[in-house]
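Below is a structure I'd like to ask you about.
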There are 2 protein chains.
Amino acid sequence: MSLLRPDSVAVIGASSDEHKVGHLILRNLLTQGYKGNIYPINPKGGSILDQQVYASVSAVPGPIDVAVIATPAMTVPAIAEECGKKGVKALVIISSGFREVGVDGRAIEDKLRRVVERHHMHLVGPNSLGFIRPGIGLNASFANRLPPAGGVALISQSGALGDAFIDRADVIGLKLSLFLSLGNKVTMDECDLLEICEKDTETTVIGLYVEGIVDGRRFLALAERIGRTKPIVLLKGGITEQGRAAASSHTGALAGSDAAIEAICEQAGILRARSTRQFLDLLRTLSQQPSLLSDRIAIVTNAGGPGVLATDAAVREELILPSLSSKNEAKLRAVLPPSSSARNPIDVLGDALADRYEHALTAAAQDPNIDGALAILTPQIMTPAKEIAETIVAIKDRHPLFPILCCFMGGESIREAVSVLHAHGVPNFSCPESAMHIFSSLRRAKISVAKRRAIPMNAKRAARARRILQAGGKGLLNEARTRSLLELYKIPLPQGQVVKTADAAVKIACSIGYPVVAKISSKEILHKMDVGGVAVHLTSDAQVRSAFARITKSVKSKAPKARVAGVLIQQSLPPGSEFIVGALKDETAGHLVMAGLGGIYTELFKDTAFRVAPVSPEQAYPMLTQLTSWKLLLGLRGKPQLNVDALARLIATVSRLSVECPQISAIDLNPVLVTAKDLTILDAKVIVEA
Amino acid sequence: MSLLRPDSVAVIGASSDEHKVGHLILRNLLTQGYKGNIYPINPKGGSILDQQVYASVSAVPGPIDVAVIATPAMTVPAIAEECGKKGVKALVIISSGFREVGVDGRAIEDKLRRVVERHHMHLVGPNSLGFIRPGIGLNASFANRLPPAGGVALISQSGALGDAFIDRADVIGLKLSLFLSLGNKVTMDECDLLEICEKDTETTVIGLYVEGIVDGRRFLALAERIGRTKPIVLLKGGITEQGRAAASSHTGALAGSDAAIEAICEQAGILRARSTRQFLDLLRTLSQQPSLLSDRIAIVTNAGGPGVLATDAAVREELILPSLSSKNEAKLRAVLPPSSSARNPIDVLGDALADRYEHALTAAAQDPNIDGALAILTPQIMTPAKEIAETIVAIKDRHPLFPILCCFMGGESIREAVSVLHAHGVPNFSCPESAMHIFSSLRRAKISVAKRRAIPMNAKRAARARRILQAGGKGLLNEARTRSLLELYKIPLPQGQVVKTADAAVKIACSIGYPVVAKISSKEILHKMDVGGVAVHLTSDAQVRSAFARITKSVKSKAPKARVAGVLIQQSLPPGSEFIVGALKDETAGHLVMAGLGGIYTELFKDTAFRVAPVSPEQAYPMLTQLTSWKLLLGLRGKPQLNVDALARLIATVSRLSVECPQISAIDLNPVLVTAKDLTILDAKVIVEA
């Protein structure tokens, strides 16, 4: 597209004042290798940096592909209009003073949006640092360096952060296909940039820094598709507030501020960086090294200590260090000195020259047991660090499908060697633990994302469900309507009935059969336990009577203002484990569905998994396997395996229910008693949007 | 001591061959500023590097404080003998070829040990890289650079790793009082070095890399004492294997390989680094910055994005960002431009010069709400990074008790500024997340370690306990003896009795009163649940009969070879939560005591805390507060608070029991039912060493 490969760029607001942005951008365009036409524009005319200045866009003789605008905000809509008339294809607006400064700025921004939409122009910004295409020497930004050219597209909502990354790029060997600062995202947001990067042949890996995602569902769909061919790394800043509805449901309380982003990353196979350092480490490695095909790697080191630390880190990252094949091990043993170790980690000893690294790494690259290697070097007396770096680069060239990471440790003694590695696309890490973490990310990047299939909706059922919800009004849905709603979706509830007297309680208990449980029934009591509203395992008429009395008394004292429908008497259930299944409406991603450990431990361990709804039972399965409580479902300590399929189906059903009823703000099924045979919902809560 | 401040150093094995260690060490001694006498020693005589060479130690005219030995291993014992006779005070043995090469080497090492002990010499090594005292220009190692002088003593079991750290020191602003490579630790180990560092006035912070701790109890006692005045940072390499006893107990299975080290670090207030990078970051920061007195810090930044990421990281690290006092905020607002933010994080905007950093950081340093600050800088158009660095250094000098960390982000644009910061003891971090993590460590370093008091033993009771254990023989102690042992220590067990028939079971159940539980009783069945050996909440004679039949049948089929004593019928207990308390014998640290979440979730969440035994109830308390399950003890969701005191007392008792009976290899009390009123041990297992 013409934004990324413009034949001509105009700088509107070009200035002869060296301190002004309009000067810096022009200088960057002129001096860093861009071959297209460059048009400085300023009503004052004259010349800047030996270039003829045009008084306006319309005064430019040829066509303009991209106009970079660095004039005061209030002038921008009119300039944009002029650009539209001229046929400019894309605007990059550096100027600030829009939405970010308040009401007046927002009005200018709205005007700008209308102009841009009318003329079908692309718009980057405003309040953007600009963009850079290192491959064609195009620096249309006020970052003063052109980063090395390579495969990483770096898209940043924060211009200054992007600028710092660019400044750091050559230190760490990061090579860029594109840098673009999103600014205020008036028309182009992270989704549009994903689409642009998908089509850009220079880009092999996409790095995103965002503080918010405008449209979570579109982002998910795009990332799922694009991530299959171009890995996406996300650094997310900012903690968003949760709404009121969230606070009154378990699912909401467990969601934290981050559940939607986590869900999207899981579903789309996006690698999420936990720090800025990791973000850059992931980007440079993914763009330069192939994926790790298995979890089996080799460590080659000239020192014991770092080898030990690397081994510890491998164990933590769930990577394994198999021995070489006996043939390769014997071959390697024959060329290494006797006191070295040909076992994995391979210790080539402190006096190793390049030849030992060559032998060991080549053996690893050729070995059927090994799919990647970490080369560790400490600068010892005779260590020819630079020569070893060159050797490793040559091995990398011979074995392009074998990922090699380096950990050359030290300062001055390894500086030159690290430059060699970085120049040739072998990432070096200053500590073995970071390298090992990145290895495990290379592994995760490989594990392919399960394809999403369209999940059929049931329009008739959905209409009935919405009618039930509408009849119930806003807020917490009552017991009876909740039951109808769940029954409509064939979600299994225990036998039971709400009663108003102890005599009725006993009657119902006898008809269900002992043992039974008793629970307060009130729309106004969210957490029944908190007010002493629950009694379990009642085995006789007398116990039911006493529980009825105890519960009504406790609720009267602890929630005196709550209107109470009565006490629910329910069947007591066979042993099983308690899980939670829920749904929650999120601002950007729509409904999320959640599964996790239920009952009293829910809040304690927050062992939960979220996905953007709807999900199929097949897609719900990985939500369960990612839980720590997965082992509980498999049957811990001689207990039978629980009915995992039933739980996966329930998650899928709840996800569909939430999507079919957009007015639902939260659903809590907690606890869900999962037994070896089936499952039952012991308590359910549905909250309708206010 | 004369090792650290020698008046004279001899190099035995001095060589004119530039590639030999004996040459490198001599050159390092001669050229890096050491003012003492230097004696090269080699039977060949002559001169090396313009120094007269002596034929032997005895030929040296004056006294020798330290002899550095770099001759073949087999010659070392005789040379050591000669040194002893000469009155040499300390030997530093670089030579390898001792224990690490097998039986022959071990024999030489044993001989060496005897010589050294006979002559009361200090011994570093063998197989050491040597040692360095930067403050007096003394480099008695073959690391070729003298690191900058400062307060950090760096003690490393791995020479090469230490060498890499020294090489990196000036890049990251790490300044050393001492570097010493432990080597084979024949007579001097990490404990001896802790004692040496305690006395060394140059040392303010101690950094240790070890792969094993020789004497865990001595290490704990020393670290507890020394850590109060000199923070200790530990980087531990290597995963040790667990013994057989461990595998057959819950406590052992939960201990992992690392429980003793974790326990020691918790008890002694040692900061444990999770990576080599963090190790160096902690050392340089602790040696250069004061502690953080509270969790309240300010962020000052010239860019929004990194400020957002730093805020996110602060939240994760449990630090808070309070507003400045209203007076200071108003003052700051008056000098900052209108669109900047005087709220915390303080955004001084992209065009900030040094003055805005000065205003903002000074306001933070003077503010009663703020106890530390992170200064973030991204290199923007006009950012005078070096001048801002100088300003920060000046603020640091004016406010020596106010910790300031920096995060100048970028590459070339900030290189000079970072050098200024590091030269003046202000640590810079390349990413805000790392800086924030180190801030939280400064905070933890401040939280003082509870003083340990001597815990009284009861010799008479101990003798009786040991008799019970002795009578039981090796392996798992039977039900009856376990009961006697626990009763001796007043550890509360539920009422109950082992029976052999269903009739007897019903009789006991009636005498205890319903409900009851039934459990298989067999010395040979470790996990009763696994063989269907448990039935709970039996409420009638019929249920007891059916449970008895079910249990015996299931055990017969699932553990047909197990000898069975009968079925234990026990009282059923009031509601409460299940915990585990245990003890475990560790090779280096002796008995450890453990507390954690019990029952079925024990293995799932591994929510446990370990300490070196014995502990007092006061010391057991923090074990409980560090658990995720602590909230369970406090009373989750309207449940009453459980009896925390009783649980703390139980932990103390179990810790004493384990120490009083050294033959115990493991104790498991699991589950321990803790109720609001008291606690009961539902199942207990004691394993005696084989």
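The values are calculated or read from the model by the stated rules, or taken from the named source; none is laboratory data. The shown structure was predicted, so the numbers you read here are calculated from the model rather than taken from an experiment. No Cβ is skipped: glycine too gets one built from the backbone with ideal geometry, and neighbour counts run over all protein chains shown. These accessible areas exclude ligands, DNA and RNA; they are computed on the full protein's heavy atoms, side chains included. Shrake-Rupley method; radii C 1.70, N 1.55, O 1.52, S 1.80 Å.
What spacing in nm lies between the two simple spin-label points modelled at B:Ser294 and B:Thr628, each 7 Å away from Cα in the Cβ direction?
3.1
Oh, and also: Give, as a single signed number, the net charge of other residues whose beta carbon lies under 13 Å from the beta carbon of A:Asn478, with Lys and Arg counted +1 and Asp and Glu -1.
Result for the neighbourhood of A:Asn478: +4.
Now a separate question. Give the nm distances, rounded to one decimal, from A:Pro400 to the matching residue in every other copy, measuring between label points 7 Å along Cα toward the beta carbon; shortest first.
Ordered by distance, the counterparts are at 6.1 nm.
Taking A:Ser339 in one copy and the same position in all the others, each labelled 7 Å out along Cα→Cβ, what are the pairwise distances from the first, in nm, shortest first?
Listed shortest first, these distances are 6.6 nm.
Enter the accessible area of A:Leu30 (Å², nearest 10), with the probe set to 1.4 Å and all protein chains included.
50
Restricting to Cα pairs below 8 Å that are 6+ residues apart, what does the relative contact order work out to for segment B:584-666? Please round to a whole percent.
Contact order relative to length: 34 percent.
Still on this structure, I have one more. Work out from phi, with θ = phi - 60° and the Karplus expression 6.51 cos²θ - 1.76 cosθ + 1.60, the ³J(HN,Hα) of each residue of segment A:341-355, listed in order in whole Hz, and give x for Gly and Pro.
Each residue of segment A:341-355 in turn: 10, 8, 6, 9, x, 7, 9, 8, 6, x, 9, 5, 9, 4, 4 Hz.
What is the magnitude of the charge dipole of segment A:577-688 about its Cα centre, with +1 placed on the Cβ of each Lys and Arg, -1 on the Cβ of each Asp and Glu, and no other charges, expressed in debye to the nearest 20?
280
Considering the dipole of chain A built from charges on the beta carbon (Lys and Arg +1, Asp and Glu -1) around the Cα centre, which of A:Gln288, A:Val654, A:Ala313 is farthest to its positive end?
Working it through, the farthest residue towards the positive pole turns out to be A:Val654.
Treat every Asp and Glu Cβ in the protein assembly as shown as -1 and every Lys and Arg Cβ as +1, leave all other atoms uncharged, and give the resulting dipole magnitude about the Cα centre to the nearest 20 debye.
5360
What FRET efficiency do you get for A:Gln366 and A:His424 if R0 is 22 Å and r is their Cβ-Cβ distance, rounded to the nearest 0.05?
0.60
OK, next. What angle, in degrees between 0 and 90 and rounded to the nearest 10, separates the Cα long axis of helix A:412-423 from the longest principal axis of the Cα atoms of chain A?
80
Right, something else. Per-residue ellipticity at 222 nm for the protein assembly as shown, helices alone: DSSP H runs ≥ 4 residues times -39500 (n - 2.57), over residue total, nearest 500 deg cm²/dmol? List each step's numbers first, then the result.
On the way: 48 runs with 542 residues, N = 1380.
That calculation yields -12000 deg cm²/dmol at 222 nm.
Follow-up question, since we're still on this one. How much accessible area does B:Ile108 have with a 1.4 Å probe, in Å² rounded to the nearest 10?
Number for this one is 40 Å².
Between segment B:182-230 and segment B:285-350, how many Å separate their Cα centres?
Centre-to-centre distance over Cα atoms comes out at 37 Å.
Could you give, in nm with one decimal, how far A:Arg563 is from each other copy of that position, shortest first, with labels 7 Å out from Cα toward Cβ?
7.0
Which of the lysines could be linked to A:Lys175 by a straight reach, that is with a Cα gap under 30 Å, when you skip same-chain ones fewer than 8 residues away?
Within reach: A:Lys20, A:Lys35, A:Lys89, A:Lys185, A:Lys199, A:Lys230, A:Lys236, A:Lys386, A:Lys396, A:Lys446, B:Lys386.
Would you mind checking the tilt of helix B:276-288 against the longest principal axis of the Cα atoms of chain B, expressed as 0 to 90 degrees and rounded to 10?
70
What's the ranking of B:219-230, A:573-584 by average number of surrounding C-beta atoms within 10 Å, highest first?
A:573-584, B:219-230
Answer with one residue from A:Ala160, A:Met188, A:Thr608: the one whose Cα lies farthest towards the positive end of the charge dipole of chain A, charges on Cβ with Lys, Arg +1 and Asp, Glu -1.
A:Thr608
Within segment B:289-446, what percent of beta bridges assigned by DSSP are antiparallel, to the nearest 5?
That works out to approximately 5 percent antiparallel.
So in the protein assembly as shown, what percent of DSSP beta bridges are antiparallel if you round to the nearest 5? Can you show the working numbers first?
Numbers: 104 of 200 bridges.
Here the antiparallel bridges make up roughly 50 percent for the protein assembly as shown.
Okay, next question. Using a 1.4 Å probe on the protein heavy atoms only, what accessible surface does A:Asp281 show? Give it in Å² to the nearest 10.
We get 10 Å² for A:Asp281.
While we're on this one: Roughly how big is chain A's charge dipole about its Cα centre, with Cβ charges of +1 (Lys, Arg) and -1 (Asp, Glu), in debye to the nearest 20?
Roughly 2900 debye for chain A.
Shielding by partners for A:406-418, please: the mean number of other protein chain Cβ atoms within 10 Å of each residue's Cβ. Please list the in-between numbers first.
Working: counts 0, 2, 1, 8, 9, 12, 5, 8, 3, 2, 0, 0, 0.
That works out to 4 on average.
Another question, if that's okay. On a straight-distance basis, which lysines could pair with A:Lys528 in a cross-link, Cα separation under 16 angstrom, same-chain partners fewer than 8 positions away excluded?
Result set, ordered by chain and number: A:Lys519, A:Lys553, A:Lys556, A:Lys558, A:Lys561, A:Lys685, B:Lys639.
Right, here's the next one. Name the residue from A:Ala298, A:Ala354, A:Ala417 whose Cα lies farthest towards the positive end of the charge dipole of segment A:289-446, charges +1 on Cβ of Lys and Arg and -1 on Cβ of Asp and Glu.
Working it through, the farthest residue towards the positive pole turns out to be A:Ala298.
Here is a follow-up. What's the angle, to the nearest 10 degrees (0 to 90), between helix A:479-488's Cα axis and the longest principal axis of chain A?
So the helix axis and the longest Cα principal axis differ by about 70 degrees.
Could you calculate the FRET efficiency of B:Arg415 with B:Asp351 from 1/(1 + (r/R0)^6), where r is the beta carbon distance between them and R0 is 22 Å, rounded to 0.05? Don't skip to the answer; put the middle values down first.
Working: r = 22 Å, r/R0 = 0.98.
Between B:Arg415 and B:Asp351 the formula returns 0.55.
I'd like the FRET efficiency for B:Cys510 and A:Arg316, computed as 1/(1 + (r/R0)^6) with the beta carbon distance as r and R0 of 60 Å, rounded to 0.05.
Rounded to the nearest 0.05, the efficiency is 0.65.
From a point 7 Å beyond the Cα of A:Ala107 in the direction of its Cβ, which residues of segment A:62-86 have a backbone N at a distance under 17 Å?
Counting backbone N atoms under 17 Å from the label point, the list is A:73-78.
Over what distance in Å are the Cα centres of segment A:65-103 and segment A:603-667 separated?
48
Could you sort A:Val115, B:Val315 by their accessible area in this structure, using a 1.4 Å probe and putting the largest first?
B:Val315, A:Val115
Averaged over its residues, how many other protein chain Cβ atoms are within 10 Å of peptide A:162-173's Cβ atoms? Provide the component values of the computation, followed by the final result.
Working: counts 3, 11, 17, 4, 4, 9, 9, 2, 2, 5, 2, 0.
Mean partner shielding for this stretch: 6.
Put a dot 7 Å past each Cα toward the Cβ at B:Lys327 and B:Asp258; how far apart are the dots in nm?
4.8
Other chains near A:484-494: what is the mean number of their Cβ atoms within 10 Å of each residue's Cβ?
What the average comes to for A:484-494 is 0.
What is the projected area of the convex hull of the Cα atoms of the protein assembly as shown, averaged over all directions, in nm²?
It is 57.7 nm².
For segment A:244-392, what is the relative contact order in percent, using Cα pairs closer than 8 Å and at least 6 residues apart in sequence? Please list the in-between numbers first.
Details: 185 pairs, mean separation 36.9, N = 149.
About 25 percent, as a whole number.
Under 5 Å between amide hydrogens, which residues at least 5 positions from B:Gly566 or on another chain qualify, with H placed 1.01 Å from N in the peptide plane?
Distant-sequence amide H within range of B:Gly566: B:Ser521.
Once phi is turned into ³J(HN,Hα) by the Karplus curve 6.51 cos²θ - 1.76 cosθ + 1.60 with θ = phi - 60°, what whole-Hz value does each residue of segment B:170-183 show in order, with x for glycine and proline?
In residue order, the calculated couplings are 6, 5, 10, x, 8, 10, 10, 8, 7, 10, 9, 9, 5, x Hz.
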